[in-house]
Amino acid sequence: MEEILALLAGTLYGLIIGIIPGAGATTGLIFIFSFITLFPDPYLGVIFCMAVVAASTTGDTYTGVLLGIPGANSAAATMVDGFPLALQGKATYAISAAVTTSTINGLLWGALVFFLLPYYTSLIMVFGVPELWAFTCLALVTVTFITNKWWVRGVIALAVGIFIGMIGVDPNTNADRFTGGIEYLGAGVQLLPLVAGLFAIPELLDGLKNRKNTATVSLSNGEQTKQGFKAVWQNKWLALRGGAIGAFIGILPGLGGAMADWMAYGQAVATTKNPDVPFGKGNIRGVIGPEGANNAQKATSMIPTVLFGIPGAPFAAILIGLFMYLDFELGTVDLANDPKFFDSMLYGFMLATVLVGALCLLTTPIIARIAQIPYKYYFPLLLGFITLACVQYTGGWEDYAILAVCSVIGVLAKNYKFSRPALLFGFILSDRIEQLTLQLSSLYSLDRLIDRPIFIGLILLICVVLIWGLTQRNKLEYA
Amino acid sequence: MKKFITSVLLALTLSTPAFADYTFVVPQKPGAGTSQWAEIIAKELEPFLGEKIVIKFIPGARDIPGFNKWHNTMRDNDKAVMVSHGGNGVSFLQEEVDYDYRQYDSVGLMNLNIIAGKASGADMNKPSFAAGSGMVPEAFAFTMLICGPDKSIEEYTACFKENVTWVKGMSGAERRLAFKRGELTGTRENPAAYKKHVAPNTKAEIWFHHGILQADGSHADDPNYPGYQFETLFEKRWGVAPSGDMYKAYKLVKSFRDGMQKALWVNKGNPNRQALVDALTAMSKDKSAMANIQKKVGKYDWLIGEAGNNHRDTLMTFVTTDALSSLVKFNRNALGLNSVEKIELALK
């Protein structure tokens, strides 16, 4: 009974957190620190946390589709085509397709991960510094040249993102860099205000300016729900490819979230010849592609997290801290011999995936009513939630200032069509690519690199993506 | 416009943090190592203190801004307790910081040891090791082990550059994985993390440890890893005990990092200090509380109240102009760190 309550509570909490613009799994997990010790049995805490991870990942589809605001940065890719569909009165169609894809991939990859967790160790071990470096480059090239029509502006946005990401500590000298003497910036610009400023605030301001609901959902929409199922069936290989991309990225330490979704979106664009509806204008394949990736990524990122205590994604780093509170030290031999722990993870993630999927499909009209609330009521609440999430860092005035600056950048980038995803990626991966380059140059010579087939394969893939991006006319207009 | 301003004010109200009885100021983000430690200690300490403890996280570059902020604006608050870690101690020696341990009273601190591991069978005369200011004591130790006695800082620098692959830009998680993959041949951890990340690895073994600082300023062998203290290994290999400028700098930096690995501070003369010390003393005698703490952070000795102050005073005796100068010289020229020479610390 207690397990069911923990599961239900985690699912509902995760769904609500997922729906809050700018929140998502990472923010939702941070809030749990305040009450994690209240669980009478630590295994209930594990169930709750895993349910939050699963439910928030599915739940964040709503704000992306209905409001054009990503619940988390990873939901931004779904938003590109989901939001235009909602504006065309097909919100339930988009949500149905998104939730179905998300649920199927969550169950598929969740099963593969949690049943077979002990067998994945060797995969992590063959992916060394060169492969991680090449993979990070691939992600940057993909987001800049494939997911954007204006690649020159994409490159500029990427450069701006990289510059913002380089603010903080120089890994070479350990000294402050580009901080302008502001101590607060010594730890760099935080992800949450940047994501909120780039994506959430511009869309909120748009809504306020237009003084209208952003999407309308019919209360009797059974037909659209069926069409969503049908669309997933018709694009089943796309959905599974998206899941495979998400799963692959999730398994690599530190990579995750947005990268998986945008790469999956990129493959959806790249593999669609002569689309009936242009991407960025409401193509359902633009919803199914990235939605395949997000739950799969969440599931597989638990592999390095649980096996080595090394977070597979930002949310997993928080999860390690939460589990520490519950007396579970990830990455230890003791834990590997605790079947109840693995059962709790399996139970929490898998059942919450099913539960939230069913809940979303059955109650979309109810949940979608949030879109019908007049903006004058809606705006301060959303702004409050976003601000609340963004000022968790220090609570000082600097948090507000960074959010304001990032919001200005977001509004300008949106209006002048500079790719916000490229900017975000540049930001997220700038320190990683810099650090991996330092590591690569210290540890490997050229003759050692050419002996690594996965590295060579990834370099070739980068070349292919680059050539394709430069020579093919990309149809995506989202910025 | 009015609605917009109302909205913004509401948003600001929603995001205003709450206040509580005692505040533990932690210079890190939630979930980081010292943050977790502070959460656990606060939870166990609350019943003995009889008041609620809230954690205030003030993260920033190299965990300096939080400590600076407490020093400059919060320490006069009688209920604001600073939670520091070994990295703060290293920064105190070689970076421009506002905080100064001599101006505070210790509530309690944990005197730890750091263990270096190596890949079994690797040539540790040519090690590859993750760089960073947190690795400075290890770099000093293995440079002396590799290069031998009686050398100048310049000679040690040259020897380091010739023999060590110093891999910059690695986070703790990346370092652990790179070591497991064999890309790094050396790594280091605190005893709890060593047990978790290195000891179970069948392809790894202990390399050396730094020893545990004693009240008389010496370092004793770690009973968990007997015979692997740096000084013991050095003497075994080179036939003499380590000495000279490099060794003085090493002793200084390792002591400030490991000797105050986790510490609770209040401003000098804080009227609540005794209540905190009493609560910590009672907690340290409670088997259940200590079992909970040790389960999560390892079994380490506490130095409570005046013992903590005495420990700090012992550390300060290592701060000499020679040691500081040698530390900064090797940091800059060998390790590529942008360290600052703080001779004034030795003159105060």
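The values are calculated or read from the model by the stated rules, or taken from the named source; none is laboratory data. Source: prediction; values computed, not measured. When we count neighbours, we look across all protein chains shown, and the Cβ atoms used for this are built from the backbone with ideal geometry, even at glycine.
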A careful count of residues in region B:94-111 that are touching a strand residue (DSSP E or B) at 6+ places or on another chain (Cβ under 9 Å) and within 14 Å of another protein chain (Cβ to nearest Cβ) gives 1
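Would you mind finding the one in B:ARG257, B:ARG273 that is surrounded by 15 or more Cβ atoms within 10 Å (Cβ to Cβ) and in contact with an Asp or Glu (Cβ under 8 Å, 6 or more places away or on another chain)?
Values: B:ARG257 fails: in contact with an Asp or Glu (Cβ under 8 Å, 6 or more places away or on another chain).
One residue alone meets the criteria, B:ARG273.
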Just to verify a result, which residue in region B:281-307, among those that are within 12 Å of chain A (Cβ to nearest Cβ) and among the β-branched types (Val, Ile, Thr), is nearest to B:ILE40 (Cα to Cα)? B:ILE293
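Please go through region B:200-215 and pick out each residue that is over 21 Å from B:GLU235 (Cα atoms) and more than 9 Å from every other protein chain (Cβ to nearest Cβ).
Filtering region B:200-215 down to residues over 21 Å from B:GLU235 (Cα atoms) leaves B:200-204, B:215.
Of everything in region B:200-215, those that are over 21 Å from B:GLU235 (Cα atoms) and more than 9 Å from every other protein chain (Cβ to nearest Cβ) turn out to be B:ASN201, B:THR202, B:LYS203, B:ALA204, B:ALA215.
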When the residues of region B:17-56 are filtered to those that are among the hydroxyl-bearing types (Ser, Thr, Tyr) and at pLDDT 90 or above, which remaining residue is surrounded by the most Cβ atoms within 10 Å (Cβ to Cβ)? B:TYR22
Of the residues in region B:179-189 that are buried (at least 22 other Cβ atoms within 10 Å of the Cβ) and either in a helix (DSSP H, G or I) or in contact with a Leu (Cβ under 6 Å, 6 or more places away or on another chain) (or both), the one that is farthest from the other protein chains (Cβ to nearest Cβ) is B:PHE179
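Taking the criterion of being without any contact (Cβ under 8 Å) to a residue 12 or more places away in the chain and more than 30 Å from A:GLY396 (Cα to Cα), would at least one residue in region A:89-111 satisfy it? Let's see the steps before the verdict.
As a first pass, look at region A:89-111 and keep what is without any contact (Cβ under 8 Å) to a residue 12 or more places away in the chain: none.
No, there is no match, as no residue in region A:89-111 is without any contact (Cβ under 8 Å) to a residue 12 or more places away in the chain and more than 30 Å from A:GLY396 (Cα to Cα).
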Across region A:393-444, which residue is modelled with the lowest pLDDT among those that are surrounded by fewer than 20 Cβ atoms within 10 Å (Cβ to Cβ) and of a type in the set (Phe, Trp, Tyr)? A:TRP397
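Determine, yes or no, whether B:VAL240 is surrounded by 19 or more Cβ atoms within 10 Å (Cβ to Cβ) and of a type in the set (A, V, I, L, M, F, W, C).
The answer is no for B:VAL240.
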Can you tell me which of (1) of a type outside the set (A, V, I, L, M); (2) within 30 Å of B:LYS168 (Cβ to Cβ); (3) away from chain B (no Cβ under 13 Å); (4) in contact (Cβ under 8 Å) with a residue 12 or more places away in the chain is the one A:ASP447 doesn't meet? (4)
Note down all Cβ pairs under 9 Å where the first residue falls in region B:147-165 and is closer than 22 Å to A:SER445 by Cα, the second is among the hydroxyl-bearing types (Ser, Thr, Tyr), and they're at least six residues apart or on different chains. B:CYS159/B:THR143; B:PHE160/B:THR143; B:ASN163/B:THR143; B:VAL164/B:SER128; B:VAL164/B:THR143; B:THR165/A:SER442; B:THR165/B:SER128; B:THR165/B:THR185
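Condition test on A:ILE402, is it in a helix (DSSP H, G or I) and either away from every other protein chain (no Cβ under 14 Å) or without any contact (Cβ under 8 Å) to a residue 60 or more places away in the chain (or both)? If you could, list the steps in order and put the result at the bottom.
On the way: in a helix (DSSP H, G or I): yes; either away from every other protein chain (no Cβ under 14 Å) or without any contact (Cβ under 8 Å) to a residue 60 or more places away in the chain (or both): no.
Considered against the rule, which asks whether it is in a helix (DSSP H, G or I) and either away from every other protein chain (no Cβ under 14 Å) or without any contact (Cβ under 8 Å) to a residue 60 or more places away in the chain (or both), A:ILE402 comes out as no.
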Among (1) of a type outside the set (S, T, N, Q); (2) part of a helix (DSSP H, G or I); (3) closer than 30 Å to A:TYR325 by Cβ, the one test that B:ALA323 misses: (3)
B:CYS147 passes all but one of (1) over 29 Å from B:GLY305 (Cα atoms); (2) surrounded by fewer than 22 Cβ atoms within 10 Å (Cβ to Cβ); (3) at pLDDT below 95; which number fails? (3)
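Let's see how each residue does on (1) within 14 Å of another protein chain (Cβ to nearest Cβ); (2) polar (S, T, N, Q); (3) in a helix (DSSP H, G or I):
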| residue | (1), (2), (3) |
| --- | --- |
| B:GLY66 | yes, no, yes |
| B:ASP76 | no, no, no |
| B:GLY89 | no, no, yes |
| B:ASN113 | no, yes, no |
| B:ASN125 | no, yes, no |
| B:ALA141 | no, no, yes |
